[in-house]
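First up is the structure itself, then whatever we jot down about it.
The values are calculated or read from the model by the stated rules, or taken from the named source; none is laboratory data. A quick note: this is a predicted structure, and the numbers were derived from the prediction, not measured. Here the Cβ is made from the backbone with ideal geometry for all residues, glycine too, and neighbour counts use every protein chain on show. Only protein heavy atoms, including side chains, enter the accessible area calculation; ligands, DNA and RNA are left aside. Shrake-Rupley method; radii C 1.70, N 1.55, O 1.52, S 1.80 Å.
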Amino acid sequence: MSYQNELYQQVILDHNKNPRNFREIGETAHSCNGHNPLCGDKINIYLKIAPGDVIEDVSFTGSGCAISKASASLMTTFLKGKTAAEAKLVFDEFHKMVLGDLDPATQEHHLGKLTIFQGVREFSSRIKCASLAWHTLICAIDKTGETTME
Amino acid sequence: MAHFDVEKIRADFPMLAALEGGKPLVYLDNAATTHKPWAVIDRIRDFDSKEYATVRRGSYRLGERATDMFEQARKKVQKFINASDHREIIFTSGATQSINLAAYSFGKKFIGAGDEIVVTQMEHHANFVPWQLLCQEKGAVLRVAPITDSGELIIEEFAKLLGPKTKLVAVTMCSNVLGTVNPVKEICKMAHDAGAKVLVDGAQSTPHMAIDVRGIDCDFYAFSGHKMYGPSGTGVLYGKYELLDVLPPYVSGGDMINAVSLEKTTFSKPPGRFEAGTPAISQVIGLGAAVDYLTGIGMDNIAAYEHELLEYGTKILSKVPGLHIIGTAPHKGAILSFTMDAAHPHDIVTIIDQEGVCARGGHHCAQPLMTRYGVPATARASLAFYNTKREIDCLAKALQKVLEVFA
């Protein structure tokens with residue numbers, strides 16, 4: 001399979017070109033600015049968490065490569081209606097998948113359409129691009145303000 | 001210019017015959033590190049297998065011969081950059097350590113509260129952060145000279161930053177991102193008139209043009225071995241002898257002392273004072289072989305051929321739709337930084353890598369410069385005298401792939 005199919009799939013290219021939930025949320029209680037010093041990517045995540053820990057709204061702003069932008073965009077569409085605890089579980093699975101420690105084809109998971117990022121595991125220099133939004137999300141849930149990928 | 005037989009030169013570099021993902025390797029990241037010719041590889045292997053011993057210690061013949069070869073390498077470097085005295089050549093682990101050494105030792109002796117250090121907007125972090133840290137530590141002030149949109153130092157603005165408080169100017173001879181070659185001789189004259197010393201970062205100039213530190217009249221000149229076809233883990237700090245002679249040591253320990261008692265240590269004269277511990281013996285001897293190799297080809301021949309490559313590359317890349325070259329100074333080295341409307345630099349380099357083309361995407365350790373241009377990153381093709389026009393065509397073809405993927 002070529003890299004075009006593995007990494008730059010149509011869905012990823014589409015989310016890069018037309019990112020979903022690309023906006024700030026006013027009066028938000030939760031937000032975090034994520035930064036990858038290696039490439040300069042910046043992703044800011046905004047979260048509105050309803051009673052019962054349900055993610056009522058989630059959005060992002062920032063600049064970065066196609067992989068980091070598409071990952072943030074897809075993440076926001078995936079998370080709405082899920083609880084913060086579910087989000088943390090999916091982060092864990094997502095992280096394992098991009099590191100090559102979880103194979104969605106043979107192992108149980110809750111990743112749904114996010115499995116589209118499994119091709120990233122073949123491109124070690126791009127793993128942080130795919131996971132920046134997720135690290136920033138966890139930081140936003142925990143209200144820590146900012147996070148840096150090391 | 002005499003005919004430059006690049007295919008003959010390529011045969012000297014075994015790595016250039018490598019395949020990358022089944023495709024011929026097109027290596028365009030020479031500003032990061034360069035490949036080694038057989039002359040360097042063989043010299044290190046010969047030394048390690050037939051001549052190796054520690055230097056400057058042993059009283060046995062093997063050690064004396066190794067010391068002699070090590071010191072020969074110093075003389076080769078001295079001649080290569082036209083220093084007046086071999087004692088002005090300090091071996092380090094690379095340009096980064098060279099600059100840190102200068103910042104530490106010069107700073108300790110000469111920088112105090114309220115003093116000023118001038119750098120430029122185009123410095124690599126290696127020639128920026130050590131000065132920033134030094135200023136923070138001493139309560140000194142770091143002044144940053146601006147550049148034009150084309151990437152040239154604005155000399156009039158630079159001149160305004162010089163004054164009685166200026167103690168040091170740290171400037172790159174060639175920008176690792178823009179390729180701009182700075183008028184370092186003129187800068188030294190201006191700085192000296194203001195009573196300041198000058199450190200020139202030669203990491204990107206030494207491998208690509210003839211260097212004459214006496215002609216430039218800089219006080220320090222720093223460069224790396226691994227960017228000039230030599231081994232990684234080697235570097236040089238040149239300093240004028242009378243300046244080095246009054247500076248305190250940087251790293252201390254063995255091999256840099258005159259006498260040690262329980263109360264007090266006195267230190268060796270330069271360069272020994274600045275070379276504590278066992279040096280990278282084989283690697284320095286390999287660096288000497290790299291100098292011989294480059295001298296054999298001729299730095300002026302190398303500069304002329306690389307300029308031809310730069311002109312060709314500029315022409316070819318300018319034809320790629322939506323591509324913007326960053327750094328268009330009239331006097332520049334063979335470095336092509338660019339952005340594309342279609343794709344982020346990180347995506348560009350991933351896609352061209354799949355076509356066998358190694359280039360770098362990122363901030364190139366020059367974040368203040370990225371800020372100056374309002375970009376988070378650039379893609380960069382940096383050329384060497386073993387690159388060819390055909391390889392530039394490969395780059396252009398690979399960039400068409402980027403346009404296809406991000407259509």
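Yes/no matrix, rows are residues, columns are (1) free of Cβ contacts under 8 Å to residues at least 24 places away in the same chain; (2) over 23 Å from B:ASN301 (Cα atoms); (3) not in a loop (DSSP other than H, G, I, E, B):
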site	(1), (2), (3)
B:HIS3	yes, no, no
B:ASP12	no, no, no
B:HIS35	no, no, no
B:ALA39	no, no, yes
B:ARG43	no, yes, yes
B:ARG56	no, yes, no
B:PHE70	no, yes, yes
B:LYS75	yes, no, yes
B:ALA83	no, no, no
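Can you name the residue in segment B:336-365 that is out of contact with any helix residue (DSSP H, G or I) (no Cβ under 8 Å at 6 or more places or on another chain) and part of a strand (DSSP E or B) and, of all such residues, is farthest from the other protein chains (Cβ to nearest Cβ)? The qualifying residue farthest from the other protein chains (Cβ to nearest Cβ) is B:SER337. Within segment A:84-104, being in contact (Cβ under 8 Å) with a residue 24 or more places away in the chain and of a type in the set (Gly, Ala, Ser) holds for A:ALA84, A:ALA85, A:ALA87.
Selection over segment B:341-355 of residues that are of a type outside the set (D, E, K, R), out of contact with any strand residue (DSSP E or B) (no Cβ under 7 Å at 6 or more places or on another chain), within 21 Å of B:LYS319 (Cβ to Cβ) and open to solvent by less than 20 Å² (accessible area, probe 1.4 Å) gives a count of 3.
Looking at B:PRO248, B:PRO321, which one is more than 16 Å from B:SER93 (Cα to Cα) and open to solvent by 50 Å² or more (accessible area, probe 1.4 Å)? Unique residue meeting the criteria: B:PRO321. B:ALA398 falls short of the stated requirement of being within 13 Å of chain A (Cβ to nearest Cβ), open to solvent by less than 10 Å² (accessible area, probe 1.4 Å) and in contact with a Phe, Trp or Tyr (Cβ under 9 Å, 6 or more places away or on another chain).
Please determine, by comparing only the residues of segment B:14-33 that are in a helix (DSSP H, G or I) and touching a helix residue (DSSP H, G or I) at 6+ places or on another chain (Cβ under 7 Å), which one is surrounded by the most Cβ atoms within 10 Å (Cβ to Cβ). Among them, the one singled out is B:LEU16. Within the option set A:SER71, A:SER59, A:SER31, being within 14 Å of chain B (Cβ to nearest Cβ) and of a type in the set (Gly, Ala, Ser) holds for one residue only, A:SER71.
In segment B:366-395, of all residues being in a loop (DSSP other than H, G, I, E, B) and within 12 Å of chain A (Cβ to nearest Cβ), the one that is nearest to B:ILE348 (Cα to Cα) corresponds to B:ALA377. Going by what's in this entry, would A:ASP53 be described as acidic (Asp, Glu) and closer than 26 Å to A:GLU6 by Cβ? The answer is no for A:ASP53.
Considering every residue within segment A:129-145, establish whether at least one is touching a strand residue (DSSP E or B) at 6+ places or on another chain (Cβ under 8 Å), at pLDDT below 95 and assigned to a strand (DSSP E or B). Within segment A:129-145 (the criterion being touching a strand residue (DSSP E or B) at 6+ places or on another chain (Cβ under 8 Å), at pLDDT below 95 and assigned to a strand (DSSP E or B)), the answer is yes, since at least one residue qualifies. A count restricted to segment B:305-335 and to residues that are part of a helix (DSSP H, G or I), under 19 Å from the mean Cα position of the chain (by Cα) and within 30 Å of B:ALA73 (Cα to Cα) stands at 2. Among strands (runs of 3 or more DSSP E) entirely within segment B:119-235, having at least 1 residues that are open to solvent by 30 Å² or more (accessible area, probe 1.4 Å) and in contact with a Cys (Cβ under 7 Å, 6 or more places away or on another chain) singles out B:141-145.
Collect the residues in segment A:91-150 that are of a type in the set (Ser, Thr, Tyr), open to solvent by 20 Å² or more (accessible area, probe 1.4 Å) and under 25 Å from B:ILE351 (Cα atoms), keeping them in residue-number order. Those that are of a type in the set (Ser, Thr, Tyr), open to solvent by 20 Å² or more (accessible area, probe 1.4 Å) and under 25 Å from B:ILE351 (Cα atoms): A:THR115, A:SER124, A:SER125.
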